[in-house]
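Colleague: One structure follows; several queries about it will come next.
Please treat every number below as a calculation from the coordinates, not as lab data. Since the model is a prediction, treat every value here as computed from it, not as a measurement. Every residue, glycine among them, receives a Cβ derived from its backbone with ideal geometry; neighbour counts consider all protein chains shown.
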Amino acid sequence: MKFNRAGLPGWTYHNEELFELEASNIFKKNWQLVCHQSDLPNKGDYVTYDILGERAILLRGVDHKVRAFHNLCRHRGSRLVVGDKGNCGKMITCPFHAWSYSLNGQLRGPAKPQSFPPLNRNEWGLKPIELDEFMGFYFVKFKSSNYPKASEILKRHKETFDQYQTKKLMSAGEISLSNCLSINWKTVRDVDNEGYHVAQAHPGLHDLYGENYRDEEYNFWSTVSVGKINSKPSKLWTVRNYRSILEKLEKPWCDLPKQWYYIGIFPNAVFGFYPDSVIFYQEVPVKCNETLIRSAVYKRPKESRHLKILRYLSGRIDNSAVEEDNQLSEWLNEAPKSSGYEGSFLSDLEKGVRDYHDALREMLPVIDLDEPPISGKMSQVNAKLLAREN
Ligand code: FES
Ligand SMILES: [Fe+2]
């Protein structure tokens, strides 16, 4: 296999100006996974999603339709709803001065309307955000761009979503947010985009699918990795029990492949398709060196006892892997600060890391420079490089 084995230059993990560019050109112009339809089953239910100063509400209306708005009061900008999810009843009432909005986003009225000139309800309604849906999962995009919609990107995986009956999934609890990790978001991707580390760093995953893990040929917008469950005996009790209960699973779930199947969607979300559940996780950048991991688990409707135990066990195996990855990310993130650091030298099994970097290079060519541009020129230099390429 021939490819350039170098990683991104070390400065790209610690540069505030580049982070600003990544925020606006990568995160806000691409689709962000927010939740599953079962996170907001009833009218008035909402889910929030905050990223890089943007705050979205997904809200289920009286007509049962889900709409996306900025979580921003039109009066003076207060947050309208709080928490990751909840129900706002028949309308949203701003906690600041009690302007109220219908579930379709229309302004119902300001408090003390006589203190304002007449306000048009539509013009003063909540500001919509671009929304997309695929097989029960909702995505938002904060800035317009020509990049493909999430549903277009994921179309090639429809068979998998169908096979795991994602439209019928049920939320298994909260959408969880990790503590803030002191790392740049790209380090999370760098760890997650290869399976070379599984054998050494993830005893649980290695015991579960060990040598059978493989990444499929890279695709710019979505990636696939598969871990076929081992046939040799397991050492860990969690994996041993997981495997033995998997054998007892009832129809139709026993017909699913005995594997953990991952689909990644650019730039920051991964779905996991397990025999017992479907999960997602995504890194949410906060600052250049601060990142949160947001994740959720979805269960089958009418979950059997076996499924429930399996989901508990897969959660245990996953939680350990997340902690292990977080530690690796921290070490990786610190590395460029060391005077001994000379960059990465990637294995054939880490080609996914390189491919992802190439995708970033295409969107932000400035990322490929050995040294950062002089202060204040990041955006300008990037625009110049982009113009040269096109
Ligand atoms: S900011 Fe919402 S009512 Fe004043
Ligand atoms: Fe990992």
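Colleague: Is the shape of region 108-177 best called rounded, prolate or oblate, per the rule: a/c under 1.5 gives rounded, else a/b larger than b/c gives prolate, else oblate, with a ≥ b ≥ c the square roots of the Cα gyration tensor eigenvalues?
Modeller: On the way: a/c = 3.69, a/b = 2.11, b/c = 1.75.
Judged from the Cα gyration tensor, region 108-177 comes out prolate (a/c at least 1.5, a/b above b/c).
Colleague: Where a ≥ b ≥ c are the square roots of the eigenvalues of the C-alpha gyration tensor, would you call region 199-287 rounded, which needs a/c under 1.5, or, failing that, prolate if a/b is larger than b/c, or oblate?
Modeller: On the way: a/c = 1.91, a/b = 1.58, b/c = 1.21.
Prolate is the answer for region 199-287, as a/c is 1.5 or above and a/b outweighs b/c.
Colleague: Right, next: For the chain, take the alpha-carbon Rg, divide it by the Kirkwood Rh, and send me Rg/Rh. Walk me through the numbers on the way to the answer.
Modeller: Numbers: Rg = 22.4 Å, Rh = 22.6 Å.
Radius of gyration relative to Kirkwood radius: 0.99.
Colleague: Grab the other residues whose beta carbon is less than 11 angstrom from that of N230, score K and R as +1, D and E as -1, and report the net. List each step's numbers first, then the result.
Modeller: Details: positive: K228, K232, K235, R240, R243, K258; negative: D207, E211.
It works out to a net charge of +4.
Colleague: For region 307-346, what is the largest minus smallest coordinate of the Cα atoms on each principal axis, given in angstrom and ordered from greatest to least?
Modeller: Sorted largest first, the three principal extents are 49, 18, 8 Å.
Colleague: Using the beta-carbon distance between A387 and A6 and R0 = 25 Å, what value does 1/(1 + (r/R0)^6) give for FRET efficiency, to the nearest 0.05? Intermediate results must be reported in sequence, preceding the final value.
Modeller: Working: r = 25 Å, r/R0 = 1.00.
E(calc), rounded to 0.05, equals 0.50.
Colleague: Between region 18-48 and region 111-172, what's the alpha-carbon centroid distance in Å?
Modeller: Computed from Cα coordinates, the inter-centre distance equals 8 Å.
Colleague: Restrict the search to region 1-51; then list the trypsin sites (Lys or Arg not before Pro) that DSSP places in a loop and that have at most 15 other Cβ atoms within 10 Å of their Cβ.
Modeller: On the way: sites: K2, R5, K28, K29, K43; in loops: K2, R5, K28, K29, K43.
Within region 1-51, the qualifying trypsin sites (Lys or Arg not before Pro) (loop, at most 15 other Cβ atoms within 10 Å) are K2.
Colleague: With a Förster radius of 56 Å, plug the Cβ-Cβ distance of S347 and K167 into 1/(1 + (r/R0)^6) and report the FRET value to the nearest 0.05.
Modeller: Values: r = 39 Å, r/R0 = 0.69.
So the FRET efficiency works out to roughly 0.90.
Colleague: To continue, here is another question. Region 320-388: which chymotrypsin sites (Phe, Trp or Tyr not before Pro) are DSSP loop and have at most 10 other beta-carbon atoms within 10 angstrom? Could you put the intermediate results ahead of the total?
Modeller: Working: sites: W331, Y341, F345, Y356; in loops: Y341, F345.
Of the chymotrypsin sites (Phe, Trp or Tyr not before Pro), the ones in loops of region 320-388 whose Cβ has at most 10 other Cβ atoms within 10 Å are F345.
Colleague: In the chain, which cysteines lack any other cysteine Cβ under 4.7 Å from their own?
Modeller: C35, C88, C180, C254, C288
Colleague: When the convex hull of the Cα atoms of region 149-230 is projected onto a plane and the area is averaged over all directions, what value comes out in nm²?
Modeller: Values: hull surface 30.8 nm².
Projected area, direction-averaged: 7.7 nm².
Colleague: In Å and whole numbers, how far do the C-alpha atoms of region 31-144 stretch along each principal axis, longest first?
Modeller: For region 31-144, the Cα spread along each principal axis is 46, 28, 23 Å.
Colleague: Please give me, ordered by residue number, the GluC sites (Glu not before Pro) of region 305-390 that lie in loop per DSSP and have at most 10 other Cβ atoms within 10 Å. All intermediate terms of the calculation are to be shown ahead of the outcome.
Modeller: Values: sites: E323, E324, E330, E334, E342, E350, E362, E389; in loops: E342.
Those that pass, being in a loop and sparsely packed, are E342.
Colleague: Taking the alpha carbon gyration tensor of region 10-54, what are the square roots of 5 times its eigenvalues, largest first, to the nearest whole Å? Present the calculation step by step, with values, prior to reporting the outcome.
Modeller: On the way: eigenvalues 199, 17, 15 Å².
Rounded to whole Å, the semi-axes are 32, 9, 9.
Colleague: Once you list every other residue whose beta carbon is under 12 Å from the beta carbon of S277, what net charge do they have if Lys and Arg are +1 and Asp and Glu are -1? Numbers along the way, then the final one.
Modeller: On the way: positive: K299, R300, K308, R311; negative: D276, E303, D318.
Summing Lys and Arg as +1 and Asp and Glu as -1 gives +1.
Colleague: Using a Gaussian network model of the chain with C-alpha springs under 10 Å, which one of P113, P275, P365 is most mobile by mean-square fluctuation?
Modeller: Highest fluctuation among the options: P113.
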